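In what follows, a structure is listed as structure tokens, so that the remarks can point back to it.
The values are calculated or read from the model by the stated rules, or taken from the named source; none is laboratory data. Note that this is a predicted model, so its numbers are computed, not measured. Reconstructed Cβ throughout: ideal geometry from the backbone, glycine too, with neighbour counts over all protein chains shown.
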Amino acid sequence: MSQVTPPPNFSFKNPNDIVHRVGENGPYEATYTDPNTGKQYETVIWVDAIALIMDDHFAYMQGYPEGDFRQGNNMTRAEAAVMFSRLIVKRSSYSVEYRGTFNDVLQGWWCTEGIEYLASLEIIKGRDDGSFDPSAPITRAEFAVIASRFDQLEEVTDCKFSDVTNEYWFYEYVNSAAAKGWIQGYEDGEFRPFEHIRRVEVVTIVNRMLERKFDDSVNKNMLQQFNDLSSSYWGYANIMEATNAHDFIKDDHGNETWTKIRDEKVTFASKRKEKIDALTERVDNK
């Protein structure tokens, strides 16, 4: 592959990046060189903007080894980072080099790769003391902020929630996510931003972001099920959508018909590496 000039809206943080085209219209491959150490990191695949994977409905959440989903449990900041790292088009197709961004996220941890990756894209940020606080439960406001950083903020003039006022740092993010229909509040008009978000709420929000809708006609016996989850539970459909990889077609109203249920495990890179490798091979052979 030959070196190319990226398009005007292509952005990367380091001027020492060397950019190559992968495929006729992108994405682009950037070999990152640390300006301080001269160390060259592994190949990274980029597209023009940070984008979420919309056309491949792979499983981005999973249950626990005991067979439970634990839908009422909180999600930690580390878990949220790893989950979102699976969903990004603009992401590393191989292992992300450890850079020690946060003083409490150590090399080799199960969550380090995802945290380092999202931090490099400025999707997530740490505490004032340089920590990330990975084990802390993530709040509803914090989750809404991360979600909103994947898209342009909506200009909101009116406060949608009675407990989210413009003096809060997350005001624009929460109201933007609400305007897009990604998040909802409670019947009393509150959002309760400082409460911890539950796993079932996470998949509900993310499915809305990805425009993923469960096919209720699918044979439930073919799905990944969980010991603590009944099909009558309000969040059942969103949990099934998030935990079962599938091929699908959509009608004009965005409703899905599942055409195949795929047996795939949740991994950091999921199936993106295979697709990028195949694309790169086709380009190299031209």
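Residue-wise test of (1) in a loop (DSSP other than H, G, I, E, B); (2) under 29 Å from Arg149 (Cα atoms).
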| position | (1), (2) |
| --- | --- |
| Ile183 | yes, yes |
| Tyr186 | yes, yes |
| Arg212 | yes, yes |
| Phe226 | yes, no |
| Ser232 | yes, no |
| His253 | yes, yes |
| Thr257 | no, no |
Q: Could you grab me the full set of residues in the stretch 188-203 that are among the acidic types (Asp, Glu) and assigned to a loop (DSSP other than H, G, I, E, B)?
A: Asp188, Glu190, Glu195
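So that you can scan it fast, the table gives a plain yes or no per residue for (1) modelled with pLDDT of 95 or more; (2) β-branched (Val, Ile, Thr); (3) surrounded by 16 or more Cβ atoms within 10 Å (Cβ to Cβ); (4) under 30 Å from Tyr117 (Cα atoms):
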{"residue": "Arg198", "(1), (2), (3), (4)": "yes, no, yes, yes"}
{"residue": "Asp215", "(1), (2), (3), (4)": "yes, no, yes, no"}
{"residue": "Val218", "(1), (2), (3), (4)": "yes, yes, yes, no"}
{"residue": "Trp234", "(1), (2), (3), (4)": "yes, no, no, no"}
{"residue": "Ala237", "(1), (2), (3), (4)": "yes, no, yes, yes"}
{"residue": "Glu241", "(1), (2), (3), (4)": "yes, no, yes, yes"}
{"residue": "Phe248", "(1), (2), (3), (4)": "yes, no, yes, yes"}
{"residue": "Glu264", "(1), (2), (3), (4)": "no, no, no, yes"}
Q) Would the stretch 117-127 turn up any residue that is touching a Leu at 6+ places or on another chain (Cβ under 9 Å) and modelled with pLDDT under 95? A) yes
Q) What tally of residues in the stretch 156-171 results from selecting those that are β-branched (Val, Ile, Thr) and surrounded by 12 or more Cβ atoms within 10 Å (Cβ to Cβ)? A) 2
Q | Whichever residue in the stretch 58-82 is of a type in the set (A, V, I, L, M) and assigned to a helix (DSSP H, G or I) and, among such residues, is modelled with the lowest pLDDT | A | Val82
Q: State which residue is nearest to the chain's Cα centre (by Cα) when the search covers only the stretch 124-146 and only residues that are buried (at least 20 other Cβ atoms within 10 Å of the Cβ) and not in a helix (DSSP H, G or I).
A: Ile124
**Q.** Residue among Arg91, Arg86, Arg99 that alone is under 28 Å from Ile261 (Cα atoms), surrounded by 13 or more Cβ atoms within 10 Å (Cβ to Cβ) and at pLDDT 75 or above
**A.** Arg86
